[in-house]
Structure formats: structure tokens, C-alpha cells
Amino acid sequence: MTEKTYFAVIGDIISSKKATDRNQLQERLNDVLNDINKTYAKDIASKFVITLGDEFQGLLIKAERLLEITDRIKFLMEPVEIRFGIGIGNIETKINKESSVGADGPAFWNARKAINIIHDHNDYKRSKIMIQAGLNEEDENENEFLNVVNESLHLCDYMESKWRKTQKNVIKESILHFGYDTKITQKELSVLLNLSVQSVNFKIKNTGYYNYLRTKKSICEALQEMWGNDKRNGKENKKIK
């Protein structure tokens, strides 16, 4: 019997010490995490909580909406910037559904490693998310897969850095209201934003909006396929350390 695999998320507020009112920032973050815990309750093994003044963490039981969750936190916390480390692995301590504080094991170790890599090797301050799984060197296929995933995430970060403010606002509201649903039409977005269809089309033109959503959604599906706890094609999921 294989160990249960989880997806740990550690978030780190960038330059939090420069905030003029850190208490207000922490209260705002707490409200956002409460929103996440409520909206994505079925995905969460242990609720998102603040662990330090500028850090928070949560534990997911599946990956299907992993990046949708990190994007929601990111957009709800703007203009504050956040870096995310995601770790895949098991948990060695008892899991408390109400709080991920005290949870420990490879999932969180790998998430911490990812955060440290971003902090130490930031790609011109554009890369704000990374996934680690604690794989061994002999796990060649899985390592190559994870490299492709992380490079794809870096590309998404790069695309986002090139969006104008008006473009980003349309995409932000789309994700906050519809998640990664790629079937949402520009007409539906125009109603949401109280804009004409032509205006919405103009704002998201050349943003790669639908490619951005499809890429992130595909990454989540691939992570679930590779490491999710359900069995796929009659095979056990890859055991990781």
C-alpha cells in the first residue's frame, strides 16, 4: 500500500517588512485565507493559516485546483506580492483539518525547498512559484516532467509581467469569478465587468489569456495524474520522498 500524497503550499509575502501597517496586512491575509478555506473546502486536507507574520501555509489532498488557489490568493492580496512554494509528498504527523500548523513531512519540506530556491535564484523577480517533489536522481522521467512544469510556470509568470493594468484586471476578475473555466465567453466577461464585448476583446488581445488558463489547468491535471491519490490506468501513483 502506498503512502498518501499531499500537496503542501507555503506562501511568503515579499518585502512584508516595508508594509506601513503590518497588523492591517495580516488581518487582510487572514480574511483571504478564510475565503480560500471556504471556497475550496473539498480540496483542502488542512486549512490555510498564517504561520509567521509574513508566511502562511495549507495542505491540499488533490491538485486539480492547486494553481487556481494560488492565483486567487495572489489576486486578492494585490498589490502585495507573494511567492509560493509547492511541495509534493506525504505527511508524517497527524493532520488537523482546522489548521496546518504543526503538520510536518516531505510535502512541507519540499514546499520550503521550493520557496528557498525562488528566493535565492529569482529570474529577474518574475518567477514567484515553484514545485518540488523531493525526487531522486534516478527518477529521470519524473524529474524531467517537473522541470517542464516549473519552466511552464515561469513562462506564465513572464506573460503576466507583460500585461498592462487594464489587461490584468480583466484576467484577474475572470479567475476570481470563474476560476480556470476556459469556456467562459467574452460576452460573459463583458457582463461581469460592465464593458462592451469589443472592449473586453481589445483588453485581452495579445495577452495569451486562454493559453495562460489552459496551461495552468493542464499543469494541475498532470500533477494529479502523476501524484494524485486516486489510481490512474490501473497503476499506483509514483511514490516520492
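The values are calculated or read from the model by the stated rules, or taken from the named source; none is laboratory data. The model shown is predicted, which means the values in this text are computed figures rather than measured ones. Please note: Cβ atoms are built from the backbone with ideal geometry, for glycine as well, and neighbour counts cover all protein chains shown.
I'm checking my understanding of the structure. Among residues of the stretch 1-42 that are outside any helix (DSSP H, G or I) and among the acidic types (Asp, Glu), which one is nearest to Gly179 (Cα to Cα)? Show your work before the answer.
Filtering the stretch 1-42 down to residues outside any helix (DSSP H, G or I) leaves 1-15, 19-21, 40.
Keeping just the survivors that are among the acidic types (Asp, Glu) gives 3, 12, 21.
On the way: Glu3: 30, Asp12: 22, Asp21: 30 Å.
In this case the residue turns out to be Asp12.
When residues in the stretch 1-26 are screened for being farther than 21 Å from Thr93 by Cα and surrounded by 11 or more Cβ atoms within 10 Å (Cβ to Cβ), 8 of them pass. Of all the criteria given as (1) polar (S, T, N, Q); (2) farther than 20 Å from Lys74 by Cα; (3) in a helix (DSSP H, G or I), the one not satisfied by Ser99 is (3). For the residues Glu160, Glu144, the requirement of being charged (D, E, K, R), out of contact with any strand residue (DSSP E or B) (no Cβ under 7 Å at 6 or more places or on another chain) and more than 25 Å from Ile36 (Cβ to Cβ) singles out Glu144. Apart from one condition, Ile204 fits all of (1) buried (at least 16 other Cβ atoms within 10 Å of the Cβ); (2) modelled with pLDDT of 90 or more; (3) among the β-branched types (Val, Ile, Thr); the exception is (2).
Taking the criterion of being part of a loop (DSSP other than H, G, I, E, B) and modelled with pLDDT of 95 or more, would at least one residue in the stretch 48-62 satisfy it? Yes, the stretch 48-62 has at least one match.
One residue is enough: does the stretch 81-90 have a residue meeting the conditions small (Gly, Ala, Ser) and either free of Cβ contacts under 8 Å to residues at least 24 places away in the same chain or not in a strand (DSSP E or B) (or both)? Within the stretch 81-90, not a single residue is small (Gly, Ala, Ser) and either free of Cβ contacts under 8 Å to residues at least 24 places away in the same chain or not in a strand (DSSP E or B) (or both).
Set side by side, the residues Asn116, Asn37, Asn30 differ, and just one is surrounded by fewer than 21 Cβ atoms within 10 Å (Cβ to Cβ), modelled with pLDDT under 95 and among the polar types (S, T, N, Q), which is Asn116.
Does Asn122 qualify as being of a type outside the set (Asp, Glu), in a loop (DSSP other than H, G, I, E, B), modelled with pLDDT under 95 and surrounded by fewer than 16 Cβ atoms within 10 Å (Cβ to Cβ)? Break it down into steps so the answer makes sense when it comes.
Details: of a type outside the set (Asp, Glu): yes; in a loop (DSSP other than H, G, I, E, B): yes; modelled with pLDDT under 95: yes; surrounded by fewer than 16 Cβ atoms within 10 Å (Cβ to Cβ): yes.
Yes; evaluated as a whole, the condition is true for this residue.
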